[in-house]
Amino acid sequence: YLVTGAEDKQIRIWDVQKRVIKHVLSGHDQDIYSLDFSPDGNMILSGSGDRTVRLWNLESGKEVYKFTIDDMGPKDAGVTSVAFSPNGKLVAAASLDKMIRLWDVSTANPLQRIDGHKDSVYAVAFSPDGQSLLSGSLDKTLRIWDLGRYGPNGRPSEIVTCRSTLVGHKDFVLSVAYSPDGNWIVSGSKDRGVQFWDPRTSQTQCMLQGHKNSVISVALSPTQTFFATGSGDCRARIWSYENYPAP
């Protein structure tokens, strides 16, 4: 299946093989900005400018939960990015009010607000081991957050903390992703560049250029050393990368 969200406030589930629309999901009151599949492929997560994150059943097309941002922040809290944790137990959402929020999938209860960025957060992604959360912001930085008690190996006394801040982009950070093995972070920015980072040192390893406008999406292949980028220049690019052995 392919899932798309649009400015018409609707989500469409496409059967790629049959080339037909399986479901049209209605419920959001504003534009859909982000979508994610659950790890088991049975659920869809959506984030919208209406300050809600919604969980949908893929087969039935029915809404399962609505996660609402009820706390009134200093500015609009429209949701810009959503992500499932690798074990499917957590939902993370980035929003325009500089916050990241965590919810428990099984109960829809809010767990924590993560505060630290100095401007709107536009992208979130969990590390493959589920121990960390990655965010990208209009403050031109990425941050890696240790999930503490909410990680698979976390203890109840451990809180969410910012492990490191990644500085290097010259403009808004609009998209972030981990490589499947967790050894690399990839980010896209309004500065038109794509950067590869080492999460252990928080240092950038290389910058890729080629797009003529903001890089608004990055996605890595789960099985091969390819990744795709989408840009405001109306082009998508597919790149390949290799891991060099240590000397």
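The values are calculated or read from the model by the stated rules, or taken from the named source; none is laboratory data. For clarity, every value in this text was computed on a predicted model and none was experimentally measured. No Cβ is skipped: glycine too gets one built from the backbone with ideal geometry, and neighbour counts run over all protein chains shown. Surface accessibility is based on the protein's heavy atoms, side chains included, excluding ligands, DNA and RNA. Shrake-Rupley method; radii C 1.70, N 1.55, O 1.52, S 1.80 Å.
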Under 13 Å, Cα to Cα: Lys pairs in the chain, sequence gap 8 or more or different chains: 10
Estimated inter-spin distance, Arg149 and Thr223, nm [label 7 Å along Cα→Cβ]: 4.0
Inter-part distance where region 1-69 and region 123-198 are each reduced to a Cα centre, Å: 24
Residue with peak Gaussian network fluctuation, the chain [Cα springs, cutoff 10 Å], from Val167, Val16, Val105: Val16
Sites Lys89 and Leu35 - FRET efficiency at Förster radius 25 Å, r taken between beta-carbons, to 0.05: 0.85
For the chain, accessible area per residue (1.4 Å probe, heavy atoms of protein chains only), Å²: 50
Size-normalised alpha-carbon gyration radius of the chain, reference 2.2 N^0.38 Å: 0.97
Neighbourhood charge, 9 Å Cβ-Cβ cut-off, centred on Asn213 and excluding it, Lys, Arg +1 and Asp, Glu -1: +3
Extension gain, Gln17 back to Cys234 (0.36 nm per residue minus Cα-Cα distance, nm): 75.6 nm
Gain on full stretching of the segment that runs from Glu63 to Cys162 - 0.36 nm per residue minus C-alpha separation: 32.3 nm
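Please say if region 1-53 is rounded, prolate or oblate, where rounded means a/c under 1.5 for a ≥ b ≥ c the square roots of the C-alpha gyration tensor eigenvalues, and otherwise the choice is prolate for a/b larger than b/c and oblate otherwise? Kindly include the intermediate steps, with their values, before the conclusion.
Working: a/c = 2.63, a/b = 1.45, b/c = 1.81.
In terms of gyration-tensor shape, oblate.
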Of all accessible heavy-atom area on the chain, the percent that carbon and sulfur account for (1.4 Å): 49
Heavy-atom SASA rank of Glu158, Glu7, Glu63 (probe 1.4 Å, accessible area, largest first): Glu7, Glu63, Glu158
Region 149-247: trypsin sites (Lys or Arg not before Pro) in DSSP loop, at most 13 other beta carbons within 10 Å: Lys170, Arg200, Lys212, Arg235
